[in-house]
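None of the figures in this text is laboratory data; all of them are computed from the coordinates on show. Source: prediction; values computed, not measured. Here the Cβ positions follow ideal geometry from the backbone for every residue, glycine too, while neighbour counts run over all protein chains shown.
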Amino acid sequence: MVAGEPSDENLVARLRNKDTEAFAALYDRHSRLAFGLAYRMLGEPSAAEDVVQEAFLSLWRQAETFKPDRSAARTWLLSIVHHRAIDRLRRVGSREVSDGALEGMPERADDSIDVEHEVGVSLEAAQVRQALGTLPLEQQQAIELAYFGGFSHSEIAQKLDVPIGTVKGRLRIGLQKMRLSLGQAHLEGAARDA
Amino acid sequence: MTHDEVGELLGAYALEVVSAEERAVIDEHIKDCPVCAAEVADLMSVHDQLALASVERDPPPALRTRLMNLVELDRNQWLLEQARSAPDQGRPTSNAAWWKRIPMLAYGAGAAVLVAAVVLAVVFANRNSVTVHLFHGSAVAQVVKGIDLQGAAGTVGVRSDHSTDVTFSNLPALPSKLAYELWLIPAKGNPVAVGGFNAGANRSFTMRYNKDATGFAAAAVTIERAPGNWPSPSPNSMAIVVKLAS
Ligand SMILES: [Zn+2]
């Protein structure tokens, strides 16, 4: 976010008065990440578009229920995208792993980097990608199948042909390691800012 | 489940991939186990951050257009509801000047069959870049020959495809000899009659006009003799006006 621009929280507060310009600003700020997430999970542009539309509309309609002290507006929006995409994946029932769920650490889809926007998002995003990318492959894979693929622990066990206890262990240890390295990154960031 | 068995599941729990039964057991356990509760909080924060690991991607431009249309129409409806529930704003004071400049009042004064109602409360929303231009007005009317227009309101939204959505609501039913008529009023020149209508059982009227209303000074609904010869050559009463341009 660039200095002088309203914060997400401020924009979300304005949605309560049906401020369509605030809505447009939130869309312009977060739609690329929202669409990227939906596309990775669903592997199909039109389904991803539907999910992002639903998510932004529920942001518009449910702005009163947003509690800024509990989560950032971006986290809230992305969790709506995530849940809607999971609903879709699970509705389909028995399904193959979408390419997106296992695509690992993809390169940027295009060269048109929005520099102003990137400054705000990319540091944290890079840390998350690194934290995930440096896990042992089997932990990374289990987490991606769970988070991006929406598979249950037993489905993951079946797919990877390992006992369910192994899957549980990989998910837990993988997340714990990510937590450690992200906590570390957070502390380094705080020290640098101080 | 023991504390250790719950612990083994916490990663799957934070990633929301446990069964419903497992989730219920863990929900109960962490109420009384601060150790597991703290780990859940930690792992959930990682779960929330995982969305950032996906690559940003441009959504189709049509998605933005569609969303903006939807929220503008929703705002339109919301403004109507606000206008309906707004308290009586009393007699017009500072707002009185602008509508006197609308040419139709000259017709109203000259050819009036019915007493003009009073216009109030213009909400004017200027939109430069987005797709729907929305204007809103409401009548806090006295009486048109015994017809109470209190609370009647309207919005006019010009859409990106150059059609115009017109909505008026809270319109009282009229005696059989009278009907409503919709007008577009240019800054100069005669009002353009769009058509006559009766308020339905829900006391509202909605239409999509297949022309762009941009450039007109106002939209208005008047009360005219009916059925008569539509369109009326000129408006005979001013009932509800939606100002279209600043
Ligand atoms: Zn415990």
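Odds and ends about this structure:
- With each label modelled as a point 7 angstrom along the Cα→C-beta vector, the B:Ala24-A:Gln176 pair spans 2.9 nm.
- Over 30 Å between alpha carbons, listed pairs A:Lys159/B:Lys31; A:Lys18/B:Lys31; A:Lys177/B:Lys31: A:Lys159/B:Lys31; A:Lys18/B:Lys31
- Of the residues A:Asp161, B:Asp212, B:Asp42, the one with the fewest other Cβ atoms within 10 Å heads the list, and the complete ranking is A:Asp161, B:Asp212, B:Asp42.
- With the simple spin-label model, which puts each label point 7 Å out from Cα in the Cβ direction, the A:Glu9 to A:Arg90 separation comes to 3.1 nm.
- Note that region B:6-17 has calculated 3J(HN,Hα) couplings of 4, x, 4, 8, 5, x, 4, 5, 5, 8, 6, 10 Hz, one per residue in order, obtained from phi through the Karplus relation 6.51 cos²θ - 1.76 cosθ + 1.60 (θ = phi - 60°); glycine and proline are x.
- Residues with amide H under 5 Å from that of B:Leu178, placed H, sequence gap 5 or more: B:Ala226
- Fully extending the segment from B:Arg203 to B:Asp74, taken as 0.36 nm per residue of separation minus the present Cα-Cα distance, adds 44.5 nm.
- Rounded if a/c under 1.5, otherwise prolate or oblate - region A:1-94, Cα gyration tensor axes: prolate
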